[in-house]
Structures are given as structure tokens and as C-alpha cells.
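Just so you know, all these numbers are worked out from the coordinates, no wet-lab data involved. The shown structure was predicted, so the numbers you read here are calculated from the model rather than taken from an experiment. Here the Cβ positions follow ideal geometry from the backbone for every residue, glycine too, while neighbour counts run over all protein chains shown.
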């Protein structure tokens, strides 16, 4: 039963030279670890701290270290630009890359920008420049999410009725987020809102609530977020993000996890995302159609971090080679940004917001 699923992508293309901008944890421990395992060609790296960048380059055998992101973007050997920079600085880097004839494609971090308006501009500018712009919504390549999608698409759960993602975990919060007026919904819930679109299509409406979290010291509005979505198919989904789960004092046995559940007319699937505890994500499901109502648990050894990031870069390289649209294309990501925007509008106005109210033109 378990062998029929494909939790990880097949690497179909690895021939392009990648330039990486960034030197934080997500680059040094995730992007580059994934690329090394997949055999992708990283030709150069740049970040804000030259000494740190040199150490990362030495660790992964990257041949070139540029002193600035601008210098890397100008490097004629770079074909794909991989950006892992704060979202307030990312648009300028994308625009610089769009002007370079040698850069064929750009992989941007999520959120693509700090506002929907800016994301729309970047979408349109990339199209005008004839460049491929992809956004790193990597949760779509988490192994449990990909197997869940295969189960749903195979009809094994019947018509989907309800879904939920429940997060009580502490992400690697970057300090630059402290200066933004948008926090959890834009930077963490975006994973969950995007993967719900991946699983169930386009939502028709969203109701989002948030509160300040007293367990953190810096100023913010949306510390804990709860969003309810309704889809055209009738599916109702709940997304909850508690990103300072605790207490976290030394000696306190905290309970950190990300769990999910999907219920259908013919079966149920449930699981956990392994990232917070360093384990593979897990999925178990039963189906009246295919498992006789018995629980079946497919197994795999790969992790969301770093192995899902192989899929993120592979889908972009394959799209270039095959001259097709990447799975994580910017036009699709603007729809996720519109969902985030609708969530913030719901919080601000204390009401349900229909996605038809949010323009992406």
C-alpha cells in the first residue's frame, strides 16, 4: 500500500548554475544541504557578512564568493538566482535580476513582498521581462503534504468535508521581522494558507482572528492567528498558528508540534509535520474504498527540512528546460498573497472577507 505513493520528487533536471543570496540558517542548513544532496550546481554565493559567506562556501565547495548581492547578480555565469533575504529587501534584488540577460529564472522567498500590491507589480514586471519568477512555498513539497495530495486526488477520502492545520511550535524567527507591522499571518500562516490552496483549490472566503502574544517582548499585532476558510467545493478548513508555544523555560516539558487532519465522506487522513522535532513528517489514513477502513501508514525517511527544498529548486530547473510554467509560479503565488491580504482585512474589520473583494489586477 505504502509503495504506491511518491513522497519526494524525481530530480529531472540539475543542469543550471545557481547563485545564492543569503547566509542565514535557511541557506546554510537547508537550501545548500538540499542542493548538495540533489547534485545541483551552486556557482556563487553572497550575503551581508563576507566572512560568514566564505565559511559557508568552503563548507559546500561553492567556487565563488561575491562581496555583495549586486555583484553576484551581475555575475554572467549565474543562470538561476536563489534569494533568501528579508521581504522588504527582496523586491529590489528581483528587479535587479530581471535586468540581467544571463539570469533565466529567480527563486524568491515567501512572502514575496510586504504587500499584495508589490507582489502584483513583481509578477507583471517578471512577465514583461520574459523571466521565470518562482516563489519558495516549500510546504507543498513536504512529504506528508505530497502524499496527502495523491490520496485526495485518487478519491480515496471521497468528497472532502473538513481540514485543519494546528501549529504550536517556535519557528526560527528572523530578527528583521520585529520591525514589520505584519508578523505571523504574513510569515508563518502563509505556509498553511498556501498548502490549503494546493490541496483544495481556491477559497471563496476567509475569517481571521489574531491576538498579541504576551510571551514575546517586541511590538506586534498578529502573534497568534486563527483562520477559517471556505472553498467552492464546500470544504471548510481551519488554520491555527501559535508561534511562541510555551512556556519554554529550562526544565519545562513543552509540547511543540504541527498536526493536520483531513476528513472526507469515504475516509480520514491525519498526520504531523516533522520540522519542529527533527523527524520525518508522518501521515496515516483510512478509506472505506481502499483500506477497508483500516489505518495505513506510508513510510519515508526524508524530511521537510531540508529534502523538500530539492523539489522547490528542481521544479524551477525543470520548467526552464521543458519551457513550461513552474509549479510554484509567481501568478499562483499572488493568489496566496491575496489570501493573506484578505486575512488581514478580516482581522482589521472584524468580519468574513470574500476573496472576490481582493483584486489581483
Practice task
Consider all pairwise Cα distances in the stretch 283-328 and report the whole-number % of them above 14 Å.
Solution key: 65
Exercise for the section: Return one number: the angle in degrees, 0 to 90 and rounded to the nearest 10, between the long axis of the Cα atoms of helix 308-322 and the longest principal axis of the Cα atoms of the chain. Expected result: 60
Exercise for the section: Would you mind checking the tilt of helix 330-349 against the longest principal axis of the Cα atoms of the chain, expressed as 0 to 90 degrees and rounded to 10? Expected result: 60
Handout entry: Helix-only mean residue ellipticity at 222 nm for the chain, each DSSP H run of n ≥ 4 adding -39500 (n - 2.57), per residue, nearest 500
Key = -8500 deg cm²/dmol
Problem - Cα convex hull of the stretch 1-94, projected area averaged across orientations, nm² - result: 7.2
Handout entry: Two-decimal log10 I(q)/I(0) for the stretch 38-140, as the Debye equation yields it once each C-alpha is a single scatterer, q = 0.11, 0.14, 0.16, 0.21 Å⁻¹
Key = -0.33, -0.54, -0.71, -1.15
Practice task
Work out how much length residue 17 to residue 352 would gain on full extension: take 0.36 nm times their residue separation and subtract the Cα-Cα distance, in nm to one decimal.
Solution key: 116.1 nm
Problem - In nm, spacing of pseudo-spin labels at residue 259 and residue 77 (7 Å Cα→C-beta vector) - result: 5.0
Fill in the blank from the handout: Residues 215, 248 in order from fewest to most other beta-carbon atoms within 10 Å are 248, 215
Handout entry: Tensor-based shape of the stretch 85-199 (alpha-carbon gyration tensor, a/c under 1.5 rounded, otherwise prolate or oblate)
Key = oblate
Handout entry: Ranked 305, 141, criterion: other C-beta atoms within 10 Å, fewest first
Key = 305, 141
Exercise for the section: Treat each spin label as a single point 7 Å out from the Cα along the C-beta direction, and report the residue 125 to residue 266 distance in nm. Expected result: 4.7
Completion exercise
Once residue 250 and residue 59 are pulled to full extension, the length gained, defined as 0.36 nm per residue separation minus their Cα-Cα distance, is 65.5 nm
Exercise for the section: Rounded to the nearest 10 degrees, what's the angle between the helix 190-200 long axis and the longest principal axis of the chain, both from Cα atoms, 0 to 90? Expected result: 60
Problem - Per-bin percent of Cα-Cα distances, the chain [20 Å] - result: 29, 60, 11, 0
Completion exercise
Using alpha-carbon coordinates alone, the radius of gyration and Dmax of the stretch 218-309 in Å work out to 16.7, 52
Fill in the blank from the handout: Exposure-ranked with fewest Cβ neighbours within 10 Å first, 85, 60 stand as 60, 85
Handout entry: residue 289 versus residue 217: modelled label distance in nm, points set 7 Å from Cα along the beta carbon direction
Key = 5.4
